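Engineer: Take a look at this one; I'll ask things after.
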Amino acid sequence: MDVEYLNASTNSTYDTLSNNNYNLSLYSVSALMILITFTLLFSTISLLSENLFNNSHKQIIVKSLQNFIDYYRTLYYFLNQGSLRDCPYFKDNIQAKCHIYSLTLIFTIWDRPHYRNGTFQQDMINNLCDVAIPGTGIPLHIFAYSKILTFWLITIGYPIIAFIAAVYASKNINTFCEAFITQLIEPQDWFSFWRLNCRLATYHSGLTNYEKDYALEDKWTFLQEAEKQSVAVTPYMKFDGIVCKHRNMEGGLGFHSFNNASNGGDWIIQEKLGNAKFLQDLLPTDAPLSTFRIISASRGGLQGLTRDDKVTMDDITALSCVWRGGRSKAKTDHTSILFNVNPKTGEMKKGTTNTHWYQRGLDKIFNTPWLSYHDVTHHPDNEVQITGKVVPNMKKMMDFVRDAHLKLIPHVPLCGWDVALTEKYGMV
C-alpha cells in the first residue's frame, strides 16, 4: 500500500500526549534511558563476540545490533513529532518505518473517535480480550487500559517477546539474529499485520471524511448497503424475531428470544449455510462454513486527502487469499487451518494455525507453542490432502471482491473479505 497519506497528520504525538495530561518528557527520557542501557549491553556483547564468533557471525551480529538500536531511535524520532517522509532511519525498509510509525500512532489516536467502538482505546480493549501473547497466557487487552502499560509493552515487552520467539525459531547465531530483527522491525505474523491495519485504518478514518465507507464495519449496515448495490452476501431473514426452545426443558427454562436487526434489534438472523461440493470433499463432515479471506486495496482513500476524484476499478487490487479450513465440531472457521492460496492460479499451498494466539491463562505457559509454521499439507481431522488442490474460478472470486470494494467502500485503503462458496447460494 502506498503510504503517502500517513504524512498528513495535523496533531502531533506531542500535542496528543500533552493534551491528555501525559508529559512527553516521560516517554522521551524513558526511551532514551532504554536506548542507552541496551546500547551498552549490546556493545559489551559485540566486544565479546570478537573472540567467540567468526567474521560472518560478527557481521550479522553488528548489523542486528544496528537495527536494534535504530528501532529505539526511530521510536524516539516519531514520538518527538518526526514525520514518516523525513525519517532518517530504515530508509530502504518501508515496512520497518511503517511498522514503528504505527506503534507510535497508538498514542495519537488513543482517545480519538473510532468507527466501531467509541475510541481507539476501547476498540483495543474489546478486540484484544481473547488474544494472548503466545506462550505466556497474558491477555493483550490489559495493556490497553493505560498509556504507560502500552508504552512499556512497545519499548520493553515487545523486544523481549521478539527475543524469546527468536530463541525458539533459531538453530544458530545467524538465524537467531535474523529472526529477532525480523520480528522486531518487520514482523510477518498475522497478528502484527492485523494490528498494523487497525491502527492505520483508524488514523485514516480520522483524516478523511469517508464516514459512510467506514460505517459499513457494522454488519447490519453492510448487509443493507450490499443489497442496495447488488453485491451477493449471506441472505438474512426479515421477520421481527425468533424464539428458540429446548425440546426437553419446562417452566420457562431453555427459552431464548432474539429481536431481528431488521426490526431494530441487535441480532442478524440468518440461515445456516453449507459448504459447496468442492469444499465438502476437503473437510470433515461436521466442519463449519469455511471461507476464503481475501485482502483488497484501494487507492481511492489516498485521493480523498487532497481531491475528490472518482474511484474506478483500476484503483482496486485484490492482493492475497487464505482459505480457512474449519476444524471438526467448530462453530465457525475462526478455529481452522489457514492455507495460503495463490491469488492467480487458485493453487492451495501449505497451511498453518493461529490458535496459539488465543490461549489465555497462566496454565497455557506450559503447553502453548510460541510459534507456528507453514507445514500443514493435510486437514488434521480427516487426513485429506489440501496442498496442491486448485480452487475453481479463482479469478471470478478475486474480481468479486474487487467489485464489492469499489461499490461499497471505495475510499477504505485495505479491507479483508470473507468469501464463502456455498451449496445453496453459490459465491457470497
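Engineer: Can you list residue pairs whose Cβ atoms sit under 8 Å apart, with the first residue in segment 56-82 being on the phi > 0 side of the Ramachandran plot and the second being buried (at least 16 other Cβ atoms within 10 Å of the Cβ)? Count only pairs 6 or more apart in sequence or on different chains.
Structural biologist: Within 8 Å, the pairs are Gln81/Ser12; Gln81/Thr13; Gln81/Tyr14.
Engineer: I need the full set of residues from segment 346-356 which are within 19 Å of the chain's Cα centre (by Cα) and in a strand (DSSP E or B), in order please.
Structural biologist: Taking segment 346-356 as the starting set, the residues that turn out to be within 19 Å of the chain's Cα centre (by Cα) are 351-356.
Matches in segment 346-356: Gly351, Thr352.
Engineer: Next up: For residues in segment 318-345 being of a type outside the set (A, V, I, L, M, F, W, C) and either over 20 Å from the mean Cα position of the chain (by Cα) or over 28 Å from Lys272 (Cα atoms) (or both), which is surrounded by the most Cβ atoms within 10 Å (Cβ to Cβ)?
Structural biologist: Here the residue is Arg327.
Engineer: While we're on this one: Would you mind stating whether Glu217 is within 30 Å of His411 (Cβ to Cβ) and loosely packed, with under 14 Cβ neighbours inside 10 Å? Walk me through how you get there before you give the answer.
Structural biologist: On the way: within 30 Å of His411 (Cβ to Cβ): yes; loosely packed, with under 14 Cβ neighbours inside 10 Å: no.
Against the criterion (within 30 Å of His411 (Cβ to Cβ) and loosely packed, with under 14 Cβ neighbours inside 10 Å), Glu217 does not qualify.
Engineer: Okay, next question. In segment 394-410, which residues are more than 21 Å from Gly326 (Cα to Cα) and out of contact with any strand residue (DSSP E or B) (no Cβ under 7 Å at 6 or more places or on another chain)?
Structural biologist: Within segment 394-410, Lys395, Lys396, Asp399, Asp403, Lys407, Leu408 qualify.
Engineer: Are there strands (runs of 3 or more DSSP E) fully within segment 225-317 with at least 1 residues that are at pLDDT below 95, surrounded by fewer than 12 Cβ atoms within 10 Å (Cβ to Cβ) and out of contact with any helix residue (DSSP H, G or I) (no Cβ under 9 Å at 6 or more places or on another chain)? List them. Outline the logic, then answer.
Structural biologist: Details: elements: 241-245, 255-259, 292-298.
By residue number, 241-245, 255-259.
Engineer: Does segment 156-202 hold any residues that are part of a helix (DSSP H, G or I), within 11 Å of the chain's Cα centre (by Cα) and not hydrophobic (A, V, I, L, M, F, W, C), and which are they?
Structural biologist: Ser192, Arg195, Asn197, Arg199
Engineer: Pairs please, first residue from segment 119-141 and in contact (Cβ under 8 Å) with a residue 12 or more places away in the chain and open to solvent by 20 Å² or more (accessible area, probe 1.4 Å), second anywhere and in a helix (DSSP H, G or I) and among the charged types (D, E, K, R), Cβ atoms under 9 Å, 6+ apart in sequence or on different chains.
Structural biologist: Going by the 9 Å Cβ cut-off, the qualifying pairs are Gln121/Lys147; Thr136/Lys364.
Engineer: Taking the conditions exactly as written (modelled with pLDDT under 95, over 23 Å from His141 (Cα atoms), among the β-branched types (Val, Ile, Thr) and in contact with a strand residue (DSSP E or B) (Cβ under 9 Å, 6 or more places away or on another chain)), does Thr352 satisfy them or not? Explain how you work it out, then say what you get.
Structural biologist: Values: modelled with pLDDT under 95: yes; over 23 Å from His141 (Cα atoms): yes; among the β-branched types (Val, Ile, Thr): yes; in contact with a strand residue (DSSP E or B) (Cβ under 9 Å, 6 or more places away or on another chain): yes.
Criteria met by Thr352.
Engineer: Moving on to the next point. In a helix (DSSP H, G or I) and surrounded by fewer than 21 Cβ atoms within 10 Å (Cβ to Cβ) - does that describe any residue in segment 78-91?
Structural biologist: Within segment 78-91, none of the residues are in a helix (DSSP H, G or I) and surrounded by fewer than 21 Cβ atoms within 10 Å (Cβ to Cβ).
Engineer: Oh, and also: Among all residue pairs at least 6 apart or on different chains, which show Cβ distances below 8 Å where the first residue, located in segment 370-390, is farther than 13 Å from Lys349 by Cβ and the second is open to solvent by 80 Å² or more (accessible area, probe 1.4 Å) and part of a loop (DSSP other than H, G, I, E, B)?
Structural biologist: From segment 370-390, the pairs are Val384/Asp281.
Engineer: Something else: Identify the residue in segment 144-155 that is in a helix (DSSP H, G or I) and of a type in the set (S, T, N, Q) and, among all such residues, is nearest to Gly300 (Cα to Cα).
Structural biologist: Among those that are in a helix (DSSP H, G or I) and of a type in the set (S, T, N, Q), it is Thr150.
Engineer: Please state which one of Arg402, Arg360 is of a type in the set (Lys, Arg) and open to solvent by less than 60 Å² (accessible area, probe 1.4 Å).
Structural biologist: Arg402
Engineer: I need a count of the residues in segment 144-155 that are more than 20 Å from Ala96 (Cα to Cα) and either surrounded by fewer than 18 Cβ atoms within 10 Å (Cβ to Cβ) or under 17 Å from the mean Cα position of the chain (by Cα) (or both).
Structural biologist: 5
Engineer: If you don't mind, there's one more thing I want to ask. Tyr210 is checked against (1) modelled with pLDDT under 90; (2) out of contact with any helix residue (DSSP H, G or I) (no Cβ under 8 Å at 6 or more places or on another chain); (3) more than 27 Å from Ala132 (Cβ to Cβ) and fails just one. What number does that condition carry?
Structural biologist: Answer for Tyr210: the failing condition is (2).
Engineer: If Ser230 satisfies all but one of (1) polar (S, T, N, Q); (2) at negative phi; (3) out of contact with any Leu (no Cβ under 7 Å at 6 or more places or on another chain), what's the number of the condition it fails?
Structural biologist: For Ser230, the exception is condition (2).
The values are calculated or read from the model by the stated rules, or taken from the named source; none is laboratory data. Quick caveat: nothing in here was measured; it's all calculated off a predicted structure. All Cβ positions, glycine included, derive from the backbone under ideal geometry; neighbour counts span all protein chains shown. These area figures cover heavy atoms from the full protein model, side chains too; ligands, DNA and RNA do not enter into them. Shrake-Rupley method; radii C 1.70, N 1.55, O 1.52, S 1.80 Å.
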